[in-house]
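Here is the structure we will look at.
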Amino acid sequence: MLEKQRTIKNPVTLSGVGLHTGNKSNMTFKPAPENSGIIFKRIDLPGSPEIPADIDHVIDISRGTTIAKEGAEVHTVEHVLASIMGSEIDNIVVELDSNEPPIMDGSAKDYVETLKAAEIVEQNAKRDYLIIEDTVHYHDDVNNVDIVALPLKDDFRISVMVDYNNPALGVQHTGLFNLHKEFEKEFAPSRTFCFLSEIEFLIEQGLIKGGDLNNAIVIVDKEANKEELEILKKQNRNW
């Protein structure tokens, strides 16, 4: 496990559209001082407000994670955060000129490659690890979700299983046992997906305005005739 905190050496920029808002977005990763954590900065708003990427600033988890502070919001931050944590970066500023990061191909792959190109550097301050000493169990009756954290000395592992009760996908499970060796190759390329049966609902909810078949996988879980597909295309010009 790493002993020292890390940041990036050089600013780097990615451009594209937001998955849910459809807004054009330029996102720049910048170096940050020790102990500053991950900060999102909305440079398109007066005063360029900053939003810490922590649980205290999460305001919505509807088909994506939204963080906010004093009215400034950033939507769909999960892939960006995954790329930063998967690259084992502790301190970084994520500047945006819009309210959502560019979705790219729907995975974290482009973010990870861009962070590597920025050159990850070690800082002087030591890392402060969260140590799980007792089993922690969270259960959500409504969504049938369980999260369990177990003690594991000097290591970090994740096991995940999902079951959407949809025969088109079935039960999916995977595990991460070495962050440094496995994240970039096996997890960063994982792409956003949805079921064909969900698309109309998502559009009605004002979501996936920037979604298309280049940045999301659509799992066909129902038969759809040409007329239905044409309606979906009209509702969202990208499909």
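The values are calculated or read from the model by the stated rules, or taken from the named source; none is laboratory data. Since we're looking at a predicted model, the values are computed, not measured. Note that we place each Cβ from the backbone using ideal geometry, even for glycine, and neighbour counts take in every protein chain shown.
Values computed for the structure shown
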| quantity | calculated |
| --- | --- |
| Residues located in region 51-81, provided they are in a loop (DSSP other than H, G, I, E, B) and among the polar types (S, T, N, Q) | SER62, THR65, THR76 |
| Long-range neighbours under 7 Å by Cβ, at least six apart or interchain, first residue on the phi > 0 side of the Ramachandran plot within region 86-112, second part of a loop (DSSP other than H, G, I, E, B) | GLU88/LEU2; MET104/ASN215; GLY106/ARG191; GLY106/THR192; GLY106/ASN215; GLY106/ALA216 |
| Residue selected from region 85-133 under the condition among the charged types (D, E, K, R) and buried (at least 20 other Cβ atoms within 10 Å of the Cβ), by the criterion nearest to VAL218 (Cα to Cα) | GLU100 |
| Close pairs (6 angstrom Cβ cut-off, 6 or more residues apart or separate chains): outside the structural domain of PRO33 (by TED's automatic domain parsing) in region 124-151, aromatic (Phe, Trp, Tyr) anywhere | ILE147/TYR138 |
| Looking only at region 27-77, and only at residues there that are out of contact with any helix residue (DSSP H, G or I) (no Cβ under 9 Å at 6 or more places or on another chain), in contact (Cβ under 8 Å) with a residue 40 or more places away in the chain and surrounded by 20 or more Cβ atoms within 10 Å (Cβ to Cβ), the one that is nearest to PHE195 (Cα to Cα) | THR76 |
